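Undergrad: Take this structure, written in structure tokens, and hold onto it; I'll ask about it next.
The values are calculated or read from the model by the stated rules, or taken from the named source; none is laboratory data. Just so we're clear, the structure is a prediction, and the values are computed from it rather than from any experiment. Ideal geometry is used to build each Cβ from the backbone, glycine not excepted, and the neighbour counts take in all protein chains shown.
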Amino acid sequence: MEHVKCLIIGSGPAGYTAAIYAARAAMKPLMFTGQEPGGQLMITTDVENYPGYPEGIMGPQMMDDFRKQAERFGTEIRYDVVTEVKLEGDKKYIKTEGGQELTADSVIISTGASAKWLGLESETKLMNKGVSACAVCDGFFFKGQDVIVVGGGDTAAEEASYLAKLCPNVHLLIRRDEMRASKIMQQRVENTENITIHWNTSTVEVLGEDEVVGARVKDTKTGEERVIDASAFFVAIGHKPNTDLFKGALDMDDTGYLITKPDSTKTNIEGVFASGDAQDNVYRQAVTAAGTGCMAALDAERYLVEKGII
């Protein structure tokens, strides 16, 4: 059976950065990209907040740059999906959708997280044309314009508060007559003059052809429909970490984010490390994901040195 020193599950900023560091440390990493090579950045257009790209860069191009840099130092990249893992013991067992079976001395998890969407056809059509799941990433593009935020939890409250600093009017759509957000976040939203809360409101359709021009919404109690004009539509109903593969094996919180030990990327199993959005439910940025990818590779290197493997 094939055996590797370092296996990386998942690509994206965390995985590729881990690969760069692991390859430079002579760990000969093997990466399985997963179903979405490059992660969420592959469905992102302009990226303007990642250091080193003063003119900005398209998400797919940035991930291609990351991939090339990882390969330059010797990372082997396979376009396959890991479907089974057995992580206990010194030799970690991995099986893929394509039928590959192998063992590894160390495993770095960088499977990321996926934004939750409303499931509207119009939402999909206008993705990256004004529809976004990240205000920090895309809010700047709509500075000085009216925007809509959907959601009633802390994420939505944070997104709305952030956008209120950039936009004259922020419309916050909440399906119920109360918010799920923490009391302090609710107060922040309610005390921000340019945030208008629309209670008992659901989205029927995002409006626009080549760009968002507003949304048709419905009163969940009366069924009455109306249109809200806006240049962007931010969906803030949460993210789902792509960690189902590790249920029962690794410690995770109630929503599925992997739990790492303080000041490290170590999981509850020795030799297994978690990075990126699979373990970060707070920041969820490309640059922070890359940072934890670096940490995971360094942690894995120290582990392999201690074991006398490298």
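Undergrad: Kindly indicate whether Val107 is modelled with pLDDT of 95 or more and closer than 30 Å to Asp251 by Cβ.
TA: yes
Undergrad: Give me the pairs, please: first residue somewhere in the stretch 39-59 and on the phi > 0 side of the Ramachandran plot and exposed (fewer than 14 other Cβ atoms within 10 Å of the Cβ), second residue anywhere and at pLDDT 85 or above and not basic (Lys, Arg), beta-carbon distance under 9 Å, and either six or more positions apart or on two chains.
TA: Gly56/Val47; Gly56/Glu48; Gly56/Asn49; Gly56/Tyr50
Undergrad: Pick from Leu245, Leu298: which is in contact with a helix residue (DSSP H, G or I) (Cβ under 8 Å, 6 or more places away or on another chain) and in contact (Cβ under 8 Å) with a residue 40 or more places away in the chain?
TA: Among Leu245, Leu298, only Leu298 is in contact with a helix residue (DSSP H, G or I) (Cβ under 8 Å, 6 or more places away or on another chain) and in contact (Cβ under 8 Å) with a residue 40 or more places away in the chain.
Undergrad: Could you tell me which residue of the stretch 1-32 is surrounded by the most Cβ atoms within 10 Å (Cβ to Cβ), considering only residues that are part of a loop (DSSP other than H, G, I, E, B) and touching an Asp or Glu at 6+ places or on another chain (Cβ under 7 Å)?
TA: Out of the qualifying residues, it is Met27.
Undergrad: Continuing with this model, one more query. Would you be able to say whether some residue in the stretch 44-56 is within 14 Å of Ala300 (Cβ to Cβ) and more than 21 Å from the chain's Cα centre (by Cα)?
TA: Within the stretch 44-56, none of the residues are within 14 Å of Ala300 (Cβ to Cβ) and more than 21 Å from the chain's Cα centre (by Cα).
Undergrad: Within the stretch 108-140, can you find the residues that are within 11 Å of the chain's Cα centre (by Cα) and in a loop (DSSP other than H, G, I, E, B)?
TA: Ser110, Thr111, Gly112, Lys116, Ala133, Cys134
Undergrad: I'd like to know if the stretch 142-150 contains one or more residues that are part of a helix (DSSP H, G or I), within 21 Å of Val206 (Cα to Cα), assigned by TED's automatic domain parsing to the domain that holds Gly223 and among the aromatic types (Phe, Trp, Tyr).
TA: Yes, because at least one residue in the stretch 142-150 is part of a helix (DSSP H, G or I), within 21 Å of Val206 (Cα to Cα), assigned by TED's automatic domain parsing to the domain that holds Gly223 and among the aromatic types (Phe, Trp, Tyr).
Undergrad: Let me ask something additional. Mind listing just one residue for me: the one in the stretch 180-196 that is surrounded by 19 or more Cβ atoms within 10 Å (Cβ to Cβ) and in contact with a strand residue (DSSP E or B) (Cβ under 8 Å, 6 or more places away or on another chain) and, of those, farthest from Glu158 (Cα to Cα)?
TA: Ile195
Undergrad: Pick from Gly291, Gly276, Gly308: which is farther than 25 Å from His239 by Cα and not acidic (Asp, Glu)?
TA: One residue alone meets the criteria, Gly308.
Undergrad: Now for a different question. Out of all the residues in the stretch 171-182, is one or more in contact with a Cys (Cβ under 8 Å, 6 or more places away or on another chain) and modelled with pLDDT of 95 or more?
TA: No, that holds for no residue.
Undergrad: Here's something else I'd like to know. Any idea which residue in the stretch 210-233 is farthest from Leu172 (Cα to Cα), counting only those that are within 27 Å of the chain's Cα centre (by Cα) and exposed (fewer than 14 other Cβ atoms within 10 Å of the Cβ)?
TA: Only one residue fits best here, namely Asp210.
Undergrad: Listed residues Lys218, Lys240, Lys261; which is closer than 30 Å to Lys92 by Cβ and assigned to a strand (DSSP E or B)?
TA: Only one candidate qualifies: Lys240.
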